[in-house]
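The values are calculated or read from the model by the stated rules, or taken from the named source; none is laboratory data. Here the structure is a predicted model, which means the values were calculated and not measured. Quick reminder, even Gly has a Cβ in these numbers, built from the backbone with ideal geometry, and neighbours come from all protein chains shown. In case anyone asks, the SASA skips ligands and DNA or RNA and just uses the protein heavy atoms, side chains included. Shrake-Rupley method; radii C 1.70, N 1.55, O 1.52, S 1.80 Å.
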Protein chains: 2
Amino acid sequence: MPVFLDATSPDFETAFQALLSAKREDSPDVDAVVAQIIDDVRNRGDAAVIELTAKFDRLELTPETLAFSAQEIADAVAQVGAEDRAALELAAARIRAYHERQMPSDQSWTDEAGATLGWRWSAVSAAGLYVPGGLASYPSSVLMNAIPAKVAGVERLAIVVPTPDGLVNPLVLLAAQLAGVDEVYRIGGAQAVAALAYGTDTIAPVDKITGPGNAFVAAAKRRVFGKVGIDMIAGPSEILVIADKDNDPDWIALDLLSQAEHDESAQSILITDDTAFGQSVAKAVEKRLETLQRRAIAGASWRDFGAIITVRDLDQAAILSNRIAPEHLELCVADPVALSEKTIHAGAIFLGQYTPEAIGDYVGGPNHVLPTARSARFSSGLSVMDFLKRTTLSQMTPEALRAIGPAAEQLAQSESLEAHGLSVTARLNRLNG
Amino acid sequence: MPVFLDATSPDFETAFQALLSAKREDSPDVDAVVAQIIDDVRNRGDAAVIELTAKFDRLELTPETLAFSAQEIADAVAQVGAEDRAALELAAARIRAYHERQMPSDQSWTDEAGATLGWRWSAVSAAGLYVPGGLASYPSSVLMNAIPAKVAGVERLAIVVPTPDGLVNPLVLLAAQLAGVDEVYRIGGAQAVAALAYGTDTIAPVDKITGPGNAFVAAAKRRVFGKVGIDMIAGPSEILVIADKDNDPDWIALDLLSQAEHDESAQSILITDDTAFGQSVAKAVEKRLETLQRRAIAGASWRDFGAIITVRDLDQAAILSNRIAPEHLELCVADPVALSEKTIHAGAIFLGQYTPEAIGDYVGGPNHVLPTARSARFSSGLSVMDFLKRTTLSQMTPEALRAIGPAAEQLAQSESLEAHGLSVTARLNRLNG
């Protein structure tokens, strides 16, 4: 059973704090092993990657077979059925259309002092995308990572995907093809992250690495951060549903379970202003758990981390939502737009009862790579911005330098940085001399 | 003497690689000490912060005197001379005007399927800004960090600044006042970062921490990352000047020295298409080093890490510039705008000979917190975006769900996530039933 909380009761604050700070994930300490793997790949390149792949994935590779060939990709993609292909194509088109709107524009203007100022956006030259192998090898995640990179204008986009015993998900290769990925390597783990960051004879280094992975991959990304850019370190998935009584309890139950089924560490929370409705949802969850394929995982998540919170009104729901800062937030209320204007700390908001979170996982258009573990307080989901960087531009005329140069000289003097000041003084002396 | 390289010579590539990979900074390993300090502050709050401040800063505080009072700030600010104040006010106004243009806009649209999609930006609720004490206590950095936060709409902005022996730079407090900072604490080091991240009885926790600091501060920021957001981990400063022969060698020398004087680990590089001009600049640097106040620091930086590279033409200069990906890039050539369109990997570009980099440090308008150590390949300078986060929004109508829901069901099935599919199916059954 999940925990039931009443936000109007005197002991609520303590229980809510406990819910917020519950440790949901035991991250094994793999840092030392990962450091060794990265050093090995830096020192021995392809040879190290090939050895580690033989050891962990039981797959014998050569420098020539590290990457999938065009023919291998074509053969695998040919196995995909028409319905899967059509669904993936629809998803790709919608994700691309959404992310194309995110492209920011360059700016340039001349101010009263005569200074021309502005900035220019440019794409990261090369990016690498980690795709988990096995069960968690989700083609949708390939689209969500690769399409923003290509929309941003990344010239070279490489994927690494481990293929234990040589097995690969053809849908992953189709997703890569639809997204315009340039290279696909059949490697994984910390060795794949190291190869992308430092390069080998066969694999050219990239500038940015994104994508989810296990504890080894996460530790490797943290370690190579600085040498390359990385995206966020994702934690277990979360959903918060705020629902009034005018909802079908079974729909809400399924929405809660669609996060719970990801992972035993996932967290699903319902906030409602109607205690009886909360009870009905709890019953509907139990009923669905009787037959759900992934009931072992979803049941554990719901039992250990699930919560149903009753609030006085929707304003109180919004306050709690902002404290939770959920990755996914569903607003199943009469006026979801009005409520969304109060729930400002959330990765993604799904408005109204016809927008189950699963739509956002696949075909809505917005990205499904979102901030977890309350980090929506300060960070955003993956976007084209993650594959762009901004260069600021400034150009002074002699008049502009005369107008604002003396202030720079004054401040340089106050900070005891003489050469800073002199670089302005030397120019002003000529201009005024 | 700096290193002289000729990009047209056969052994250039090896020498250039060595220059790119030179290790300029010995970071002491303070991670264990920092971990202990953070734990101490988490466990004992104010008491730990006060003890550590007595120990490191020789300053006895109480919970009541952790923050500067309004009167203390007013008294300190009253000591600032009129010229310093006017210069700081000009800088603040120009930085604010530039950063106000960075505010991104919300979007919302309805697509052909009937789905309403978009996103909304919102500010981080509370931010903390680390300001170093002592010599590196730069009022300009207070403006560069605090103004973007306030422009973004951060409600609560706290500064921590160590005041060893009780000494504080009145200009730092004036800069804080001009930028609209809400709280100023006289604490520093890892204990200040821990207090901002986890909060104490006196200091409420923040969501994001920015600002430069020493090895202890950098290690503490890395450790609290995830609990709060952080800005980049800044390395030693760098400048690349690309100059043709139609420049005053002394101006270029001063520009190179204005980075070298920051730090013995700073790096100043000149690229020119005229060997004789390169020699003239080298001479001008030596001449200025005879009298420069900070000649010990600037001289060491120039000797150990300085470089003058001769290239065939400006196209080759642009290629090398992109490989260096400098923090600061000055283009002192006949057509700097044309060249800037080729130098895409750089934190900030200064165009033409009347735009010394020092203008950008103080009064240009763009931010002076910029990516170092080649990270301009994948990251940008500080901006209002660092204090904002984006929430994606989506709302399906029944028609939209009918149109795109089946593809979500198909993909959920292919990823073996049954509850994801059922959350769509349950709704479609009702709509179609």
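Name every residue in region B:377-387 that is open to solvent by 10 Å² or more (accessible area, probe 1.4 Å) and more than 7 Å from chain A (Cβ to nearest Cβ), in order of residue number. Walk me through it before giving the result.
Let us first name the residues in region B:377-387 that are open to solvent by 10 Å² or more (accessible area, probe 1.4 Å), namely B:377-380, B:385-386.
B:MET385, B:ASP386 - these are the residues of region B:377-387 that are open to solvent by 10 Å² or more (accessible area, probe 1.4 Å) and more than 7 Å from chain A (Cβ to nearest Cβ).
Considering only region A:265-276, state which residues are over 22 Å from A:ASP315 (Cβ atoms) and either at pLDDT 95 or above or surrounded by 24 or more Cβ atoms within 10 Å (Cβ to Cβ) (or both).
Selection gives A:ALA266, A:GLN267, A:SER268.
Looking at the structure I just gave you, is A:ARG303 open to solvent by 10 Å² or more (accessible area, probe 1.4 Å), in contact with an Asp or Glu (Cβ under 9 Å, 6 or more places away or on another chain) and at pLDDT 95 or above?
Against the criterion (open to solvent by 10 Å² or more (accessible area, probe 1.4 Å), in contact with an Asp or Glu (Cβ under 9 Å, 6 or more places away or on another chain) and at pLDDT 95 or above), A:ARG303 does not qualify.
Quick check on my filter: what residues within region B:114-125 are more than 9 Å from every other protein chain (Cβ to nearest Cβ) and open to solvent by less than 10 Å² (accessible area, probe 1.4 Å)?
Within region B:114-125, none qualify.
For region A:311-361, what are the residues that are open to solvent by 20 Å² or more (accessible area, probe 1.4 Å), more than 12 Å from chain B (Cβ to nearest Cβ) and within 22 Å of A:GLN17 (Cα to Cα)?
Those that are open to solvent by 20 Å² or more (accessible area, probe 1.4 Å), more than 12 Å from chain B (Cβ to nearest Cβ) and within 22 Å of A:GLN17 (Cα to Cα): A:ARG312, A:ASP313, A:LEU314, A:ASP315, A:GLN316, A:ILE319.
Return the residues of region A:66-81 that are outside any loop (DSSP other than H, G, I, E, B), closer than 15 Å to A:THR163 by Cβ and open to solvent by 50 Å² or more (accessible area, probe 1.4 Å); say none if nothing qualifies.
Of everything in region A:66-81, those that are outside any loop (DSSP other than H, G, I, E, B), closer than 15 Å to A:THR163 by Cβ and open to solvent by 50 Å² or more (accessible area, probe 1.4 Å) turn out to be A:GLU72, A:ASP75.
Show the residue pairs that are 6+ apart or on different chains and have beta-carbon atoms under 6 Å apart, the first residue being within region B:20-32 and outside any loop (DSSP other than H, G, I, E, B), the second being surrounded by 10 or more Cβ atoms within 10 Å (Cβ to Cβ).
B:ASP31/B:ALA219
Just wondering, is there one or more residues in region B:392-406 that are within 7 Å of chain A (Cβ to nearest Cβ) and surrounded by fewer than 21 Cβ atoms within 10 Å (Cβ to Cβ)?
For region B:392-406, residues within 7 Å of chain A (Cβ to nearest Cβ) and surrounded by fewer than 21 Cβ atoms within 10 Å (Cβ to Cβ): present.
For the subset of region B:94-113 comprising residues that are within 15 Å of B:GLY364 (Cα to Cα) and more than 10 Å from chain A (Cβ to nearest Cβ), which member is surrounded by the most Cβ atoms within 10 Å (Cβ to Cβ)?
B:ILE95
Applying the selection to region B:108-158, what residues are in a strand (DSSP E or B) and hydrophobic (A, V, I, L, M, F, W, C)?
Taking region B:108-158 first, the residues in a strand (DSSP E or B) are B:108-110, B:116-123, B:126-130, B:156-158.
The answer is B:TRP109, B:LEU117, B:TRP119, B:TRP121, B:ALA123, B:ALA126, B:ALA127, B:LEU129, B:LEU157, B:ALA158.
Assuming A:GLY365 fulfils every condition listed in (1) part of a loop (DSSP other than H, G, I, E, B); (2) more than 7 Å from chain B (Cβ to nearest Cβ) apart from one, which condition is it?
(2)
Which of the residues spanning region A:407-420 are open to solvent by less than 40 Å² (accessible area, probe 1.4 Å) and hydroxyl-bearing (Ser, Thr, Tyr)?
Within region A:407-420, A:SER414 is the sole residue that qualifies.
Go through (1) under 18 Å from A:ASP6 (Cα atoms); (2) without any contact (Cβ under 8 Å) to a residue 40 or more places away in the chain; (3) in a helix (DSSP H, G or I) for A:ILE297 and report which single condition fails.
The number of the failed condition is (1).
Any residue at all in region A:204-222 that is surrounded by fewer than 23 Cβ atoms within 10 Å (Cβ to Cβ), among the charged types (D, E, K, R), away from every other protein chain (no Cβ under 11 Å) and not in a strand (DSSP E or B)?
For region A:204-222, residues surrounded by fewer than 23 Cβ atoms within 10 Å (Cβ to Cβ), among the charged types (D, E, K, R), away from every other protein chain (no Cβ under 11 Å) and not in a strand (DSSP E or B): absent.
Return the total of residues in region B:277-288 being open to solvent by less than 20 Å² (accessible area, probe 1.4 Å) and within 14 Å of chain A (Cβ to nearest Cβ).
3
Take B:ARG323 and tell me if it is under 23 Å from B:PHE12 (Cα atoms), of a type in the set (Lys, Arg) and part of a helix (DSSP H, G or I).
It is true that B:ARG323 is under 23 Å from B:PHE12 (Cα atoms), of a type in the set (Lys, Arg) and part of a helix (DSSP H, G or I).
Look through B:ASP207, B:ASP201, B:ASP182 and report the one residue that is modelled with pLDDT of 95 or more, of a type in the set (Asp, Glu) and out of contact with any Lys or Arg (no Cβ under 6 Å at 6 or more places or on another chain).
Just one listed residue meets the conditions, B:ASP201.
Check whether at least one residue in region A:110-130 is in contact with a helix residue (DSSP H, G or I) (Cβ under 7 Å, 6 or more places away or on another chain), touching a residue at least 24 places away in the same chain (Cβ under 8 Å) and under 20 Å from A:ILE359 (Cα atoms), and report yes or no.
No, because not a single residue in region A:110-130 is in contact with a helix residue (DSSP H, G or I) (Cβ under 7 Å, 6 or more places away or on another chain), touching a residue at least 24 places away in the same chain (Cβ under 8 Å) and under 20 Å from A:ILE359 (Cα atoms).
Any idea which of A:ASP201, A:ASP165 is in a helix (DSSP H, G or I), in contact with a helix residue (DSSP H, G or I) (Cβ under 8 Å, 6 or more places away or on another chain) and open to solvent by 10 Å² or more (accessible area, probe 1.4 Å)?
A:ASP165
Determine the pairs where a residue that is without any contact (Cβ under 8 Å) to a residue 40 or more places away in the chain, located within region B:194-222, has a partner that is of a type in the set (S, T, N, Q) with Cβ atoms under 7 Å apart, the partner being 6 or more residues away or on another chain.
Hits for this filter: zero, empty list.
Please state which one of A:PHE4, A:PHE56 is assigned to a helix (DSSP H, G or I) and hydrophobic (A, V, I, L, M, F, W, C). So that I can check it myself, show each step before the final result.
On the way: A:PHE4 fails: assigned to a helix (DSSP H, G or I).
Testing whether each residue is assigned to a helix (DSSP H, G or I) and hydrophobic (A, V, I, L, M, F, W, C) leaves just A:PHE56.
Can you tell me which of B:ASP274, B:ASP250, B:ASP263 is facing another protein chain (nearest Cβ under 9 Å) and either touching a residue at least 12 places away in the same chain (Cβ under 8 Å) or touching a helix residue (DSSP H, G or I) at 6+ places or on another chain (Cβ under 6 Å) (or both)? Working first, answer last.
Details: B:ASP274 fails: facing another protein chain (nearest Cβ under 9 Å); B:ASP263 fails: facing another protein chain (nearest Cβ under 9 Å).
Testing whether each residue is facing another protein chain (nearest Cβ under 9 Å) and either touching a residue at least 12 places away in the same chain (Cβ under 8 Å) or touching a helix residue (DSSP H, G or I) at 6+ places or on another chain (Cβ under 6 Å) (or both) leaves just B:ASP250.
Let me spell it out: the conditions are (1) open to solvent by less than 10 Å² (accessible area, probe 1.4 Å); (2) assigned to a loop (DSSP other than H, G, I, E, B), and A:SER423 meets all of them except one. Which number is the exception?
Condition not satisfied by A:SER423: (2).
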